[in-house]
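Visitor: Right, I'll just put the structure down here and ask away after.
The values are calculated or read from the model by the stated rules, or taken from the named source; none is laboratory data. These numbers were taken from a predicted model, which means no experiment stands behind them. In this analysis, Cβ positions are derived from the backbone assuming ideal geometry, glycine residues included, and neighbour counts consider all displayed protein chains. For accessibility, only protein heavy atoms count, side chains too; no ligands or nucleic acids. Shrake-Rupley method; radii C 1.70, N 1.55, O 1.52, S 1.80 Å.
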Amino acid sequence: MKEKCFLAGIVGTGRIGFSLGFDKKREQPASHTMALFNNKNIKLIAAADSNEENLAAWKKFARKKKSMALTFASSRELYENVTCLDIIVVAVNEESHLQECLKAIEYKPRLVILEKPVALNSAEAGLILDAAKKAEVPVMVNHERRFAFDYIKAKELLAEIGEIQYVDARLNSGLRVWAEEFEKDGTYSLLHDGTHLVDIVRFLFDVELKDPFVTGIYRDEKNIVRNFTAIYHTDKISQILLSMSGRSKFFEFSVEVTGTHGRLCIGNGFFKLYKREESKLYTGFYSLAGQKIKVPKKTGYFANMVQNAVDFLLTGAPLVSPLDQAVEDLKVLEQIKESFK
């Protein structure tokens, strides 16, 4: 029986759209282009980018994959010349998400895959959401950890550590956390990386994050926010901490969950589970002991995202990272920003 095949086009052939697929240290596929080419149910036939060098490199590679490799200097040209696309991927810089996603929705493909974050702010994201609903075009957002085997396994293991007492989610990097002057192009960590941190906490624990108490705000000599901690109290979990640093000399993304019977720690490059056992140190006490757990060698984060798109189109399977959830992530970030202002 012949496999059902969907035709795809991509807008944006930069890092996440294409070139990260050549990073030898990253788990592959690590770009939209590579993930689309690797899926047997998809034929990636066209791309658009205003950067001639990026587009030429994409075309050369796509031809090696025996693609039609149609290339255009703009998305408008792509849509005018290629009228058969089932899937459109929008992988441009944040400041162009609104205009490019609206164009993709107007084209009315069967599915739009939008790189995170949805837009520069929730107002713009709301315009995308309204347009998608009106046109009845589904949009999924690439919040990659929702698709990763390790985070899926972590969600399954939460029941083994008892009632969750508190969560400590951290993101450390060297990129500024926030300053108002960077809102025009989204080049600050609270939006670029913070959207991942907020999204995975909401995904893992099925909680809404509202009304944060923001503390530990540190500003540098240029008044740019470099550190903060947002504290949340929910009906499910008494305390959730979201902490970000923009002055670290390393990159860290981690979530530590403490329950009544154990602890789970997950992040970039590690996955650890601890459970209560009779203490070897103190009579009558219990201590935490590390557990042997089978962790997938590959997380499949990008491949699984594309497969979810295929499953949605083939069987109507639910989108793991739907647009409305990603819009809510932006609203959480904006409540944090209000404390900075």
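Visitor: What number of residues within region 187-245 satisfy the criterion of being assigned to a helix (DSSP H, G or I), crowded, with 21+ Cβ neighbours inside 10 Å and out of contact with any Asp or Glu (no Cβ under 8 Å at 6 or more places or on another chain)?
Guide: 7
Visitor: Please go through (1) open to solvent by 50 Å² or more (accessible area, probe 1.4 Å); (2) closer than 30 Å to residue 261 by Cα; (3) out of contact with any helix residue (DSSP H, G or I) (no Cβ under 7 Å at 6 or more places or on another chain) for residue 180 and return the number of the only condition it doesn't satisfy.
Guide: (2)
Visitor: When residue 75 is evaluated against the numbered criteria (1) open to solvent by less than 50 Å² (accessible area, probe 1.4 Å); (2) on the phi > 0 side of the Ramachandran plot, which criterion, by number, is the only one it fails?
Guide: Unmet condition: (2).
Visitor: For region 11-26, enumerate the residues that are more than 15 Å from residue 65 (Cα to Cα), open to solvent by less than 50 Å² (accessible area, probe 1.4 Å) and not hydroxyl-bearing (Ser, Thr, Tyr).
Guide: Correct list: 11, 12, 14, 16, 17, 20.
Visitor: Shifting gears a bit: If a residue must be open to solvent by less than 60 Å² (accessible area, probe 1.4 Å) and either more than 20 Å from residue 201 (Cα to Cα) or in contact (Cβ under 8 Å) with a residue 40 or more places away in the chain (or both), how many such residues does region 249-266 contain?
Guide: Counting residues in region 249-266 that are open to solvent by less than 60 Å² (accessible area, probe 1.4 Å) and either more than 20 Å from residue 201 (Cα to Cα) or in contact (Cβ under 8 Å) with a residue 40 or more places away in the chain (or both) gives 10.
Visitor: Among the candidates 31, 50, single out the residue that is in contact (Cβ under 8 Å) with a residue 12 or more places away in the chain, open to solvent by 50 Å² or more (accessible area, probe 1.4 Å), closer than 25 Å to residue 140 by Cα and not basic (Lys, Arg).
Guide: Criteria check complete, one pass: 50.
Visitor: Any idea which of (1) surrounded by 19 or more Cβ atoms within 10 Å (Cβ to Cβ); (2) assigned to a helix (DSSP H, G or I) is the one residue 158 doesn't satisfy?
Guide: (1)
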